[in-house]
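Chemist: The structure is given below, and queries will be raised subsequently.
The values are calculated or read from the model by the stated rules, or taken from the named source; none is laboratory data. All values reported here derive from a predicted model rather than from experimental measurement. Using ideal geometry, Cβ is built from the backbone for each residue, glycine included, and neighbour counts are taken over all protein chains shown.
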Amino acid sequence: MKRRTFFKATTLLAASLVAGAAMAADPIIVGAVAPKTGPLAGGAAVTHWPNIALWVKEVNERGGLTVGGEQRMLEVIEYDDQTNPAETIKAVQRLATQDDADIILAPYSTGLNLAAAPIFDRLGFPQITSSAATDQIGELSAQFNDMFFLLGRSSDLAEDAVEVLAELREAGEIGNRVAMVNVADAFGIELAAVGKPALEAAGFELVYETSYPLGTPDLSPIMKAAKAAEPDAFVAWSYPPDTFGLTEQAMIEELNVKAFYTAVATAFPAYGGRFGAAAEGVMGIGGVNTASPAFQDYAARLEAATGSKPDYWASGMMYASLQILEEAIETTGTLDMAEVTQFIKDNSFETVMGTIDFDDENNNTAYWTVGQWQGGEFKGIKETGREGAVAPILKTGWE
Amino acid sequence: MKRGDLSNLAWGAALLVLAALLPLTGDGYLISLGVTIAMYTVLATSWALFSGPTHYISLATAAFFGVGTYVTGAGIDHLPYWTLLPIAAVVGGVLAALVGLATLRLSGVYFVIFTLGLAEMTRQVVTWYQNKTGHKGTYVLTDLTDNDIYWQLVALAGLVFLIGWAVGRSRLGFALRIIGDDEDVARHVGINTALSKVALFIVSGAVAAVVGAIIAPRYVYIEPSTAFTPMLSFQVVIMALLGGTGRLWGPLVGVIPFTLLWEAISSSFPNQTTLLLGLSFLAIVYLLPGGFVGLWDRVKHRSARRRALA
């Protein structure tokens, strides 16, 4: 062999080795966009971001995702959409075209997910939403074929809460008088719009009804008036700040009801942390099967990896969305998103929230709707097809 | 019409056609940046039509924009999309007229504060109405793509530039400049100051409402918090001031670098976006008090002086 040929051969070999190594190490780019600032940053910090951190950490510790017989590590690119839909759209676009992301994770919240739906659809990425509650699932999945819904219909959330009250009344546990309040903002209005007719249809007597603007600092007049109406049950279609505020006022006024319901954020670990034993018996949106070993294991891993506890509603669903994506990619062995999406539509998945099977409208029809603080955990008491619901208990004071 | 005017118009038309060609690149990322730039160009230019000559700083853009998005949100299921844009213009214009008649007699900081409150007030009125009627979410599902939205915005930008150009050459524009210099003098020489100001405020309000109506299909789901975000009003003011309001093209040269800067910061420093944006604002105000237009005029002035000395 001439020296020159030998030289050529070795450089070629070296080059191919380098290229080979580079190919084996070629990571899968995972794009993530959600609020880090703006009004929804707090919710995303509990429900959204820690799950991504846990998933990526665990997959990479295993050596990565197996795609086409090759193990590839995950590399996340995170963007802050500042809770602004225009920024969400721009960030998804940037992830797809500038960062060449292989996977893009669904954003956070109903509004930001819906704003991103057309762009996900055009780019052909599956959008498995885990924090979007809407009544337009049929229309949306018809227009955006790759959009999936884990959290369920928003009407069910309100209707089931009323159903829990109706069942308690049929059992003779509570009376017929209900005080209902709502926060005058998007989702609070939507829940009240469903909840009020449902209460009336169930034959409840609305002894007090009012609404308050988002961000109302002093909720004591509301609680005083509600107490004066002597209700048997108190229902608030509330948002995080007022969920806490109303509970606090109920304690101060010693509101004596046997059923107390606040909506969004009741399922947050911070709620149990703040009110401790007084939270016992409080009902709210969400719930999980806290007795399920899969959920307990997930909660422990999440806390160990990120220091953050899951909330008892959408956190588990967010992690489930990542499990679904992972299984779809590994089983199909491809990053071809059309194939991955089809797999998600055609199969059912074992997740930390139980089995998930999407219907013809890409909707997960089995989800938790009402939960209740019992013994320091927010347990699911009403669902649309999940196992492990516990019986509701009556609220006995605020001690 | 002077010859210079004609060539200006021709230049403007040529640039507009050039801008309209952007979607042909087929690059989704460029187009989404283009939508942002086109949107803020329209908003900032129409803002400057009123605020530039009169020096009244209006923070009401979000109010008009939000009203526009809700016109589309409420009407999309009942009326053809194309009829919603003129309706938004009328609604925005009427709102501006009402507000203008009530407040443009205020001056200085009183006006600024009022316009800031207007967005919040409009938001509360919309919320109050939804709460009263038991509203279940506003969805705008259409087939409009980013390309369609971009072209509509570019066309609207063309219209705004044309209006600005016509106003600048009219008696109304002259009156507004006098008002900006000294409102008392303007009144004494017989200018109906309130009417002149309201007229331009209506134009700026109507345009912002149409922008909201065009953008609504992009958001799919309309919420008061995103439709009436006060950030929008501030961004429009900052971009217009960065460009400079002394020329019709001033806001445009502010919008483009600002959007690119914003994009660079949010893609490179996703965890410090707000902090870095704040620092950029400070730098802009401190280093470029007259905006790029002011800088341009200073440079021109200096080179003219140097030539005179030589």
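Chemist: Across the stretch B:252-283, what is the total count of residues that are facing chain A (nearest Cβ under 10 Å) and touching a Phe, Trp or Tyr at 6+ places or on another chain (Cβ under 6 Å)?
Modeler: 1
Chemist: Taking the criterion of being closer than 18 Å to residue A:372 by Cα and either surrounded by 15 or more Cβ atoms within 10 Å (Cβ to Cβ) or touching a residue at least 24 places away in the same chain (Cβ under 8 Å) (or both), would at least one residue in the stretch A:206-226 satisfy it?
Modeler: No, the stretch A:206-226 contains no residue that is closer than 18 Å to residue A:372 by Cα and either surrounded by 15 or more Cβ atoms within 10 Å (Cβ to Cβ) or touching a residue at least 24 places away in the same chain (Cβ under 8 Å) (or both).
Chemist: Looking at the stretch A:323-336, is at least one residue modelled with pLDDT of 95 or more, among the small types (Gly, Ala, Ser) and either touching a Leu at 6+ places or on another chain (Cβ under 9 Å) or assigned to a loop (DSSP other than H, G, I, E, B) (or both)?
Modeler: No - not one qualifying residue is present in the stretch A:323-336.
Chemist: Could you figure out which of (1) within 8 Å of chain B (Cβ to nearest Cβ); (2) in contact with an Asp or Glu (Cβ under 9 Å, 6 or more places away or on another chain); (3) part of a helix (DSSP H, G or I) isn't true of residue A:79?
Modeler: (3)
Chemist: Taking the residues in the stretch A:155-184 that are surrounded by fewer than 24 Cβ atoms within 10 Å (Cβ to Cβ) and within 14 Å of chain B (Cβ to nearest Cβ) as candidates, determine which candidate is nearest to residue A:258 (Cα to Cα).
Modeler: Applying the filter and picking the extreme gives A:159.
Chemist: Something else: Can you work out which of the residues in the stretch B:220-238 that are facing chain A (nearest Cβ under 9 Å) and outside any helix (DSSP H, G or I) is nearest to the chain's Cα centre (by Cα)?
Modeler: Ranking the candidates gives B:229 first.
Chemist: Shifting gears a bit: Taking only the stretch A:129-141 into account, find how many residues are within 11 Å of chain B (Cβ to nearest Cβ) and at pLDDT 95 or above.
Modeler: 0
Chemist: Does the stretch A:124-133 include one or more residues that are closer than 19 Å to residue A:317 by Cβ, part of a loop (DSSP other than H, G, I, E, B) and not small (Gly, Ala, Ser)?
Modeler: Checking the stretch A:124-133: at least one residue is closer than 19 Å to residue A:317 by Cβ, part of a loop (DSSP other than H, G, I, E, B) and not small (Gly, Ala, Ser).
Chemist: Only strands (runs of 3 or more DSSP E) wholly contained in the stretch A:175-263 count here; list those with 2 or more residues that are at pLDDT 95 or above and out of contact with any Gly (no Cβ under 8 Å at 6 or more places or on another chain).
Modeler: Qualifying strands (runs of 3 or more DSSP E): A:177-184, A:205-213, A:233-237.
Chemist: For the list (1) part of a loop (DSSP other than H, G, I, E, B); (2) over 27 Å from residue B:17 (Cβ atoms), I need the number of the one condition that residue B:110 fails.
Modeler: (1)
Chemist: Related question: Can you find, within the stretch A:29-78, the residue that is surrounded by the fewest Cβ atoms within 10 Å (Cβ to Cβ) among those that are within 21 Å of the chain's Cα centre (by Cα) and hydroxyl-bearing (Ser, Thr, Tyr)?
Modeler: Here the answer is A:37.
Chemist: Do any helices (runs of 4 or more DSSP H) entirely within the stretch B:134-219 hold 2 or more residues that are over 20 Å from the mean Cα position of the chain (by Cα) and closer than 27 Å to residue B:101 by Cα, and if so, which?
Modeler: Per the criteria, B:171-181, B:183-188, B:193-219.
Chemist: Would you confirm, using the coordinates I've provided, whether residue A:126 is under 22 Å from residue B:140 (Cα atoms), surrounded by 24 or more Cβ atoms within 10 Å (Cβ to Cβ), modelled with pLDDT of 95 or more and touching a strand residue (DSSP E or B) at 6+ places or on another chain (Cβ under 6 Å)?
Modeler: No.
Chemist: Turning to a different aspect of this structure: Just to be sure I understand the filter: pairs with C-beta atoms under 7 Å, separated by 6 or more residues or on different chains, first member in the stretch A:191-203 and touching a residue at least 40 places away in the same chain (Cβ under 8 Å), second member in a loop (DSSP other than H, G, I, E, B) and aliphatic (A, V, I, L, M). Which pairs pass?
Modeler: A:191/A:263
Chemist: With the requirement that a residue be among the hydroxyl-bearing types (Ser, Thr, Tyr) and under 20 Å from the mean Cα position of the chain (by Cα), what does the stretch A:79-117 give you?
Modeler: A:79, A:83, A:88, A:108, A:109, A:110
Chemist: Could you tell me whether residue A:148 is assigned by TED's automatic domain parsing to the domain that holds residue A:329, assigned to a strand (DSSP E or B) and touching a residue at least 24 places away in the same chain (Cβ under 8 Å)?
Modeler: So residue A:148 fits the description; yes.
Chemist: With outside the structural domain of residue A:195 (by TED's automatic domain parsing), of a type outside the set (A, V, I, L, M, F, W, C) and under 15 Å from the mean Cα position of the chain (by Cα) as the only criterion, which of A:346, A:297, A:336, A:311 stands out?
Modeler: A:311
Chemist: Hey, another quick one. Answer yes or no: is there a residue in the stretch A:264-272 that is aliphatic (A, V, I, L, M), closer than 30 Å to residue B:121 by Cβ, buried (at least 20 other Cβ atoms within 10 Å of the Cβ) and under 22 Å from the mean Cα position of the chain (by Cα).
Modeler: Yes, that holds for at least one residue.
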